[in-house]
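Enquirer: For reference, the structure I am asking about is given below.
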Amino acid sequence: MWKGDYCADECDWPEAIAVLGLSIPVSLVGTALFTTGHVSRRLSGHSQAMRELDRLADEREKRSEA
């Protein structure tokens, strides 16, 4: 591009870089929320499985005592 060319005048680099700069924090927040939700669901499922295993172990223990 030559200085004073129409394309050079229409180039909005500062605006494009500003939009890119603002999108990075938004994407980081989205990634953090997604990760938090995923880990929370996995831990909830694990806790539920552990409660079920404890319940089965208690039932087995009661049957062996009787």
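Readers should treat all values here as calculations from the given coordinates under stated rules, not as data from a laboratory. All figures in this text were calculated on a predicted structure; none of them were measured in a lab.
Enquirer: Given 0.36 nm per residue, what is the gain on full extension from Trp13 to Arg51 after removing their alpha carbon distance, in nm?
Expert: 8.0 nm
Enquirer: Under the Karplus relation 6.51 cos²θ - 1.76 cosθ + 1.60, θ = phi - 60°, what is the ordered set of whole-Hz ³J(HN,Hα) values for segment 38-45, x standing for Gly and Pro?
Expert: Once rounded to whole Hz, the list reads 5, 5, 4, 5, 5, 5, 5, x.
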